[in-house]
Each structure stands twice: as C-alpha cells, then as structure tokens.
Amino acid sequence: MFDSLSERLEAVFKTLKGHGTLNEKNVREAMREVRLALLEADVHLDVVKAFVARVREKAMGQEVMSSLSPGQQMIHEVHKELVHVMGGHNEQLQLAAQPPVVVMLVGLQGSGKTTTTAKLAKRLLEKERRKPLLASLDVYRPAAMDQLATIGVAAGAKVLPTHPQENPRDIATRAVQAARNGGHDVLLLDTAGRLHVDENLMTELVDVAALVKPTEILLVVDSMTGQDAVNVARSFDARLTLTGVILTKTDGDARGGAALSIRHVTGKPIKFLGMGETLDGLEPFHPDRVASRILGMGDILSLVENVMEKVDLKETAKMQEKLLSSSAFTLEDFLAQMQQVKKMGPLGDLMSMIPGVKQAMKGRDMQVEERHLKRVEAIILSMTPLERRKHQILNASRKRRIAMGSGTTVQEVNQLLKQFVQTQTLMKRFGKMGKSFLRGGIPGLGGGGIPGLGGGGFPGAGLFGGGKPPGMPS
C-alpha cells in the first residue's frame, strides 16, 4: 500500500535535502510536486488542498526556515500532517457496553464484508478474549450464509444458523436473543450489500439498526476504489451514522487515496486495515505508523507486534543457538525458519516495516521474490528428513529425484546446496566473533534481534548471494 505515493514523495524530499537552506521558491516547487503526488494517489481534492496549504504554511515558518537541516524538518512537518489527516491516533472498537455488544458491518457488494466479519471475530477471540456470535443477514447473495458459516467456524467462532427465506429483520432480532441466551458478549452482523447504494438497501439497514441498536456500525469498503470510497462512506453515513471504517484489499492498493481521504472528508475514523484472504489479515489502523511507512521510515512497532503474535519465541531461541554453530544449522532448520517468517504475512509488507529496507529493495518485485522462496521451500520439502539434516549425502541420483519432486532442475538444487554451505561457513565466522554479533538485532529492540528472523535478518539471508534467491537463474 502507498508504494506509488512513497516513491513520489521520496523523490521530492531527496531534492529538498540537496538544498542547504529552504526559501519560498524551492518550498513552492516541492509542494507542487507533493500536490501532484497526492492527486495521482487518488486523494480527494479537498484533502489535497488542505494538506498542501497547512504544510506550506509550516514550511515557510521560522522554525523550519532557520533549522540546521531544513529538508529533514520539512519531512517532519509532512509526517505530522499525514498523521493529522488520517485521524491522529488509533480508535478501537467500543466494546464497553451492556452485552451483547452489537456490531453491524455494512457496505457494497464485493467489498469483503463476509470475510472481514470472520477476521474480526478471530481478532476478538484471540486478542480481546471475547466470545462473538456471527449472523448473516444477506438473504440475497447466493451462498452468502454458507460462506459465513464456513469461514466463521474456521475463525473459531459460533455462527447462528440462518435461512435465505427468512426476513433480515427477523434474523437480526433472533440473533440478539441467541447471543444473550448463549452468553456471547459480542454479536457481529454481516449485512447484505448491493452493487451500488439504493433506497431498498438503505431502508433495510436502517430498520435493522433501529431493531438491534448497534454500538458500532462499521463500513467495509474496498481501498482500491480510491475517492469512490469517500462517496460511499458519505452515502451510508447520511442514513446510518457510521462509527468507523474498515479498509479492505489494502495489499493490492499501491495508491492509498481512500486511507488519506476518508477521515478528513467524512470525519469517520478508519479502525482496521484488511489484507489478503487469510483470517489473520486484519490489523488496527495507526495513523502515525502508516505515515511513517508512506515516508519510508518503516514501522518497527507493528513489526515487533507482528512477531510477538505469530512467531514461536522458544523455537526462535533454539534457532539462534544453532545459527552460532555452523555444523548444527541444517536445511531442516532453514525450512522451519522460512515458515516462521511466512506466518508474519507477505514479504513486501514486512520489508516496508523495516527502516531503509524498502528503499534498498526498490525495483525488486516482492511477488517474484516470494515465488522464488516457494521454489526453495519446494526443493527442501522434496528431501527426506535425513537429507535435510545431512545434506552431504545428496548424490546425483538423490538430486535428480528432488528436482523432479519440486518441479525444479538439478542445477537449481546444486545452487541451493552451494549457497547453503557458504551460509554455514559464514555462521561459523560469526560464532567466533561472539554471540553478541548475531544477537545485536535492530537498535532499540533490547538486543534480541527480531525473533524468527535469524538474529536480526531474514532466514537464510546468506543464501541470497548477489541479491537473488538461491538456485534461481539471474
């Protein structure tokens, strides 16, 4: 998300840093480029005008003009304004009410409401220690109720049995009673959508809201619709009084116009960002962290939270000990470490959280990198457990079998093994330099590195000689 905007802003600030001092001319030129960057990111025009005006006013102020590093100070002002535009701080769900707390998810068809309902249920179960009940009010879309029943169970939540012949209002009333009788403290209602906002849809949603009196009415909107997301939010809020927004499909949105526009134009906070189809793909929206990602500053806090949630810290400690002993670190260990990192989400998202890495990886297609990693994983999975632990026994016939099993070539298998041996040698040198070297990690993280990333790096970092994954042709 925000890739195209980040690249444009990076070029603007690079130019500013080249000036020893700022004056009205170079500030005006820079803000013209910022304005174009925001418009190309499909940010709402009202937001662009207000943003540029506020930053220009601050940039021409005495504090920036007399700064020892005006370019850096200018970036600081842009960061502050981005945070302001997106709401300033994270706004959590309001769950401190008489149970069951009713949360309605509304939006257009195809925005991802059903999947988001299950994602939210999983988050409430695991992070909030809540006991949610899910109910589908979508009697129009074929198999909508079956879809929620399936993914709701996958999320570990209970789903109210419903039937397409029922009236949505009756289902909502029955769901509240079932939640109360079943001891559920949260009720998530997955409502019907349309291809566009129409009177029948809005009347139904208003009637349901009047019946169940929801504490939260969350608009689920596709981030890739850009400014249209703002128009949809306005239409729904005019009839329902929304309490927040969930942006979905953010992993496929390179512009980010919706995220930068919704709060400023509608006054409604973005509460969550949805990514991918996995049920773990829902994260709280923190304006300050998102602003840092936009400006290429990384997002260490989110990275650490991600690691703490999804990585087995005991296994990581064992892995770091093995990394200090070249003979103990095997292909089996490398596979386990790679799988730990996969739990943390798409590689591109992880890269964007580490300061400086996004710029270093510029021009590299993260989807291609992930496909390369899958091929490496396939090679190792095609080995027997003994072969993974003792790669020295891999003779010509074993390599042919592994290549056939993984859909790769013997050359690729050989290249992986060669680079793995080089990594073992490198680990041995690090071990001689002392444990503190590998465990230095990222400054400010208490010297423990990032768990699951091989003591401060990505698993098998030494396998990527010359900037390409192991065994893959240049």
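Using beta carbons and a limit of 9 Å, which pairs, at least six apart or on different chains, have the first residue in region 3-18 and within 15 Å of Glu77 (Cα to Cα) and the second one modelled with pLDDT under 75 and not in a helix (DSSP H, G or I)?
Leu9/Gly296; Glu10/Gly296; Glu10/Lys362; Phe13/Gly296; Leu16/Leu22; Lys17/Ser69
When the residues of region 249-277 are narrowed to those that are among the β-branched types (Val, Ile, Thr) and open to solvent by less than 10 Å² (accessible area, probe 1.4 Å), which ends up farthest from Met86 (Cα to Cα)?
Thr250
When you look at Gly363, is it modelled with pLDDT under 60 and not in a helix (DSSP H, G or I), yes or no?
yes
State all residues of region 181-191 that are more than 26 Å from the chain's Cα centre (by Cα) and surrounded by 15 or more Cβ atoms within 10 Å (Cβ to Cβ); if no residue qualifies, say none.
Answer for region 181-191, where residues must be more than 26 Å from the chain's Cα centre (by Cα) and surrounded by 15 or more Cβ atoms within 10 Å (Cβ to Cβ): His184, Asp185.
For a quick check of your reading of the model, give me the residue pairs whose first member lies in region 29-55 and is closer than 21 Å to Val232 by Cβ and touching a residue at least 60 places away in the same chain (Cβ under 8 Å), whose second is of a type in the set (Phe, Trp, Tyr) and surrounded by 17 or more Cβ atoms within 10 Å (Cβ to Cβ), with beta-carbon atoms closer than 9 Å and at least 6 apart or on different chains.
Leu38/Phe51; Ala41/Phe2; Val43/Phe51
Counting only residues that are of a type in the set (A, V, I, L, M, F, W, C), part of a helix (DSSP H, G or I) and touching a strand residue (DSSP E or B) at 6+ places or on another chain (Cβ under 9 Å), how many does region 202-223 have?
4
Residue by residue, here is whether (1) of a type in the set (Phe, Trp, Tyr); (2) buried (at least 24 other Cβ atoms within 10 Å of the Cβ) holds:
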| site | (1), (2) |
| --- | --- |
| Pro100 | no, yes |
| Leu105 | no, yes |
| Leu108 | no, no |
| Ser111 | no, yes |
| Lys122 | no, no |
| Leu134 | no, yes |
| Leu137 | no, yes |
| Tyr140 | yes, no |
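Can you tell me which residues in region 201-231 are free of Cβ contacts under 8 Å to residues at least 60 places away in the same chain, touching a Lys or Arg at 6+ places or on another chain (Cβ under 8 Å) and open to solvent by 20 Å² or more (accessible area, probe 1.4 Å)?
Once the filter is applied, which keeps residues that are free of Cβ contacts under 8 Å to residues at least 60 places away in the same chain, touching a Lys or Arg at 6+ places or on another chain (Cβ under 8 Å) and open to solvent by 20 Å² or more (accessible area, probe 1.4 Å), region 201-231 yields Val206, Asp207, Leu211, Met224.
Which of the following residues is under 25 Å from the mean Cα position of the chain (by Cα), open to solvent by 20 Å² or more (accessible area, probe 1.4 Å) and in contact (Cβ under 8 Å) with a residue 24 or more places away in the chain: Ala154, Ala178?
That would be Ala154, the only listed residue that is under 25 Å from the mean Cα position of the chain (by Cα), open to solvent by 20 Å² or more (accessible area, probe 1.4 Å) and in contact (Cβ under 8 Å) with a residue 24 or more places away in the chain.
Quick one: which residue in Val43, Val52 is modelled with pLDDT of 70 or more and either of a type in the set (Ser, Thr, Tyr) or in a loop (DSSP other than H, G, I, E, B) (or both)?
Val43
The values are calculated or read from the model by the stated rules, or taken from the named source; none is laboratory data. Remember, predicted model here, so these are calculated numbers, not experimental data. Backbone-built Cβ (ideal geometry, glycine too); neighbour counts: all protein chains shown. Protein only, heavy atoms only, side chains kept; ligands, DNA and RNA dropped before computing areas. Shrake-Rupley method; radii C 1.70, N 1.55, O 1.52, S 1.80 Å.
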